[in-house]
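We did not get these values from a lab; they are worked out from the coordinates using the rules stated. These numbers were taken from a predicted model, which means no experiment stands behind them. Neighbour counts run over all protein chains shown; Cβ positions are idealised from the backbone, glycine included.
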Amino acid sequence: MTDSLDQLMQRASEALVKMDYLGCETLCLQALGIARQQTAWSYYARILLPLQEARRQRRMIAAEGTIRLGSAGLETPAVDWLERLQPGCMVVTHPHTADDARALDDAVHQQQCHVEVLYANPASTRGTWTVRSFRGPDVHALLPAPPEAWQHRWLDEHTHLPHAAEDSTIATPADWFLSAAEALGDAALDQVEMGLPSLDRLMQLERALQVARDHEILHQRLGDAARAMR
């Protein structure tokens, strides 16, 4: 068991050095499954470190690509949207559903793309958007809507757009996306009952990480829970 984990993690480390972040993530997830099955909690905690870094780098690459805040006007199937992303970030909204967001996210991971996916319900073009989970626990986060000029269109480095209000911390569409993803991960973390027995807490954190796979504090709290299992 240890040899298998060691071999997987050696390959994951090599992939990380080569900046093959998607390959590193895949290998880490394989190793994480083995470690969990064998209750090798110290190893489980160690695997989370390169996994967190690979996902952080994937998120940064995606945020530098094409951004789409809202899917109105797009035809399904959602997998076809990947032609305009890669890398990029996509917020799926009405008339599409959480199932569409999940299908797109599944395709992203099957095809090994630098793409991040969120699902949101816009209350109005000017008001509040509710970002919701499409896998894992049912959680949501409320955010000010992105500027109308940013909504429901493909945005890339060649798109000339007005900035947000001067008093806003959201300067770009990518900033809005990253803030929304962070808020959703925070909401998932808030639902974890930290007073639970160690295994129950670890299982809740695993489910919370399904909501926001690249949320750094969730990775850290999951590592803490695994180390408490030793």
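A few points about this structure:
- C-alpha long axis of helix 2-17 to longest principal axis of the chain, angle in °: 40
- Of every Cα-Cα pair in the chain, the percent that sits beyond 27 Å: 36
- Only Cα pairs under 8 Å and 6+ residues apart enter the sum, and on that basis the relative contact order of the chain stands at 18 percent.
- Antiparallel bridge percentage (DSSP; both residues within the chain; nearest 5): 50
- Burial ranking of peptide ranges 80-92, 192-204 (average Cβ count within 10 Å, highest at the top): 80-92, 192-204
- Calculated [222 nm] ellipticity per residue, helices only, for the chain: -16500 deg cm²/dmol; basis is -39500 (n - 2.57) per DSSP H run with n ≥ 4, divided by all residues, nearest 500.
- The length gained by stretching the chain between His140 and Thr76 to full extension, at 0.36 nm per residue less their Cα-Cα distance, is 20.6 nm.
- The share of Cα pairs per 5 Å bin across the range 175-230, counted from zero up to the longest distance, runs 4, 24, 30, 21, 12, 6, 3, 1 percent.
- Fraction of alpha-carbon pairs over 17 Å apart in the range 1-75 - percent: 48
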